[in-house]
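Below: one structure, written as structure tokens.
Only the coordinates and a few stated rules stand behind these numbers; no lab work does. Only a predicted model underlies this, so the values are computations on that prediction, with no experimental measurement involved. Here the Cβ is made from the backbone with ideal geometry for all residues, glycine too, and neighbour counts use every protein chain on show.
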Amino acid sequence: MSGQLGSHIVYYPSVDSTNSRARALLREGAVHGAVVVADEQTQGRGRLGRRWTAPPRSGLAVSVCLRPPAGFPLPLVTVTAALAVGDTVRAVVGASRCTLKWPNDVLVDGRKVCGILVELDGTPGAWTVVVGIGLNVNAAPPLPTAISLASAVGVPVPREPLLIDLLAALEGYLDHATTQPEAVMSLWRDRLDTLGRRVRVAAPSGVLEGLALDVDGDGALLLRLDDGTIRPLHAGDVSLTSG
Ligand code: BTN
């Protein structure tokens, strides 16, 4: 999967959702690495059925079309995306201020600067994947839990160089994951601030509390409940608890 991300870029001043456009492009035969980018989304989607909104031209709304080779470990798509965004953000704010939160949020000073929505279509052996990335560059939602790169560094941040860096980083991690999946998982583990912490997870099945022990090979969070049982969680929102 080398030298291809961004070889074909579709730009919209305004679009419903770059992920929706990217999925449609893949159905129409788009090549691996085609990218959809927009200045504004009118129906941006987040994880767990949420909306994703950002003022026009304030951030990066980008979706990357992937046709992973047969046998590529699909959980690693999310992992590589988080690592790639993390590298891009670290280059702007400094490594010490940027952490990753399971499953795939990127945080600056503990506040969310980027969300990632990975969507899968197709059939076993012929999956197509869209990696949707929403990065708060020059504005963030007015929430105490969110931040933009510009507010983190105190000056406006140009968006185009970020996109170039992000695509290069994602390509590098995807290549690395093709040959050395364990090494990429291990880097993700190291960057995940969630592990080793006591957390509350709002999972689709309910709210659970426990110790975030580790992640498994599928990217699931292994949560040790207070009764000692270990629950693998595949989706959810994590918050740190003090207890
Ligand atoms: C999250 O809930 O944290 C994930 C947010 C993902 C938002 C991005 S913006 C570009 C792409 N298009 C969408 O509709 N969603 C993703």
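Summary table below
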| quantity | calculated |
| --- | --- |
| Given charges at Cβ of Lys, Arg, Asp, Glu: the chain dipole, positive-most of LEU222, CYS98, LEU5 | CYS98 |
| Whole-Å semi-axes of the chain's equivalent ellipsoid (Cα gyration tensor) | 27, 22, 17 |
| Label-point separation in nm, THR179 to ALA70, each point 7 Å along Cα→Cβ | 2.2 |
| Length released on extending from ASP218 to SER186, taking residue separation times 0.36 nm less the Cα-Cα span | 10.3 nm |
| Cα→Cβ-extended label distance, 7 Å offset, between LEU120 and VAL155, nm | 4.3 |
| Stokes-Einstein D in µm²/s, Kirkwood radius over Cα pairs - the stretch 136-243 at 20 °C with 1.002 mPa s viscosity | 130 |
| Inter-label distance, nm, simple model (7 Å from Cα along the C-beta direction), SER7/ARG50 | 3.6 |
| Cβ charges +1 (Lys, Arg) and -1 (Asp, Glu), total dipole of the stretch 168-243, debye | 280 |
| Estimated dipole of the chain in Debye, rounded to 20 [Cβ of Lys and Arg +1, of Asp and Glu -1, Cα centre] | 480 |
| Helix runs (DSSP H) in the chain reaching 24 Å along axis by Cα, Kyte-Doolittle at least 0.0 | 75-93, 159-179 |
| GNM result for the chain, Cα springs below 10 Å: residue of PRO161, PRO142, PRO68 fluctuating most strongly | PRO142 |
| Span from the the stretch 13-69 Cα centroid across to the the stretch 84-134 one, whole angstrom | 14 |
| Extension gain (nm, one decimal) between ASP16 and ILE164, 0.36 nm per residue minus Cα-Cα | 51.0 nm |
| Average silhouette area of the stretch 74-149, convex hull of alpha-carbon atoms, in square nanometres | 5.2 |
| Considering only the chain, percent of DSSP beta bridges that pair antiparallel, nearest 5 | 85 |
| Three-way shape label, the stretch 3-108, alpha-carbon gyration tensor, a/c 1.5 | oblate |
| Paramagnetic reach from ARG27 in the stretch 115-150 [backbone N under 13 Å; point 7 Å along Cα→Cβ] | 121-122 |
| Mean ellipticity per residue at 222 nm, deg cm²/dmol - from DSSP H runs of n ≥ 4 across the chain, formula -39500 (n - 2.57) | -8500 deg cm²/dmol |
